[in-house]
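*Asks:* Sharing a structure with you now.
The values are calculated or read from the model by the stated rules, or taken from the named source; none is laboratory data. As the structure is a computational prediction, the values presented were derived from the model and not from experiment. Cβ atoms come from the backbone with ideal geometry, glycine included; neighbour counts cover every protein chain shown. Surface areas here come from the heavy atoms of the whole protein model, side chains and all, with no ligands, DNA or RNA. Shrake-Rupley method; radii C 1.70, N 1.55, O 1.52, S 1.80 Å.
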Amino acid sequence: LNRQGSILLFPDDPEHARTLDVWHAAGGLGPLVSAIITILFYDGRNGLRKFFRSYSIKKLTVYGWLLALLPVLLFGFGLVAGRIVNGEWLSVQNYFQNNDLLALNNFLLWFFPLLTYGFGEEGGWRGFALPQLQTKYSALLSTFILTFFWLGWHIPTFFYRYQLSGVMLVGFILGLFAGAILLTFLFNYTRGSLLAVSIWHFSFNLVSMIGTEAVVAGTMS
């Protein structure tokens, strides 16, 4: 609504980009808050305690950790491959310099949405919705249904954060479904570890944010 000019919370310009990050971060908490409210309503405190036990580190084996950190491992592999092919390291530091993230305040405001979307989204999608769907449907069908709602939840961001249309929108939908399949596998493989899927989501968001600019900077240099 702020971007469309229907209300005025803050000027929508580069100078207030960090303010937008804070508002954007709040949206990432929606699925988690919804899950907590719903669980409390239907299952009470016992259900909530069971929900939070899903974040236990004890659920993760070595393979679980490797899968959860797969985006970071693949990003590291990409950096090494770039070094071998181009004879120089792709510049990750340029991303932080170009976006003024070396200042602690700016870094924390940039980091906050990554955290809330990585952990906030998964608390709702894989923490509540997926287990409920899998009581009635197969893992694949549950994932397909969940992707439909996950996509609908993203729609408001198309009006202020993403510029998606045509082929890019199709690519976003296919990417969302592919990510949902992987997260369903990871959730089931780790016996319902919310920590694993949250770390994967957070890690994916992190490397996606810095990856493109690092590659472009490395190519330009």
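*Asks:* Name the residues in the stretch 105-128 that are surrounded by fewer than 20 Cβ atoms within 10 Å (Cβ to Cβ) and farther than 14 Å from G27 by Cα, would you?
*Replies:* N105, N106, F107, L108, L109, W110, F111
*Asks:* Could you please give the count of residues in the stretch 13-54 that are more than 17 Å from the chain's Cα centre (by Cα) and without any contact (Cβ under 8 Å) to a residue 60 or more places away in the chain?
*Replies:* 20
*Asks:* Also, I was wondering about something else. Return the pair list, or none, for Cβ contacts closer than 7 Å from residues in the stretch 195-215 that are within 22 Å of Y55 (Cβ to Cβ) to residues that are basic (K, R) and at pLDDT 95 or above, at least 6 apart or on different chains.
*Replies:* V197/R126
*Asks:* Moving on. From the list L90, L108, pick out the single residue that is aliphatic (A, V, I, L, M) and in a helix (DSSP H, G or I).
*Replies:* L108
*Asks:* Taking the stretch 129-140 as the search range and keeping residues that are part of a helix (DSSP H, G or I) and farther than 24 Å from G28 by Cβ, which one is least open to solvent (accessible area, probe 1.4 Å)?
*Replies:* Looking at the filtered set, the residue picked out is A139.
*Asks:* Turning to a different aspect of this structure: Of these, N46, N86, which one is surrounded by fewer than 16 Cβ atoms within 10 Å (Cβ to Cβ) and modelled with pLDDT of 95 or more?
*Replies:* Testing whether each residue is surrounded by fewer than 16 Cβ atoms within 10 Å (Cβ to Cβ) and modelled with pLDDT of 95 or more leaves just N46.
*Asks:* L102: closer than 16 Å to M209 by Cα, open to solvent by 60 Å² or more (accessible area, probe 1.4 Å) and part of a loop (DSSP other than H, G, I, E, B), yes or no?
*Replies:* yes
*Asks:* Answer with yes or no whether L74 is surrounded by 16 or more Cβ atoms within 10 Å (Cβ to Cβ), farther than 24 Å from A25 by Cα and of a type in the set (A, V, I, L, M, F, W, C).
*Replies:* When the stated conditions are applied, L74 does not pass them.
*Asks:* Shifting gears a bit: Tell me the residue from T157, T147, T184 that is more than 26 Å from V62 (Cα to Cα), open to solvent by less than 60 Å² (accessible area, probe 1.4 Å), under 16 Å from the mean Cα position of the chain (by Cα) and at pLDDT 95 or above, please.
*Replies:* T147 is the lone residue from the list that is more than 26 Å from V62 (Cα to Cα), open to solvent by less than 60 Å² (accessible area, probe 1.4 Å), under 16 Å from the mean Cα position of the chain (by Cα) and at pLDDT 95 or above.
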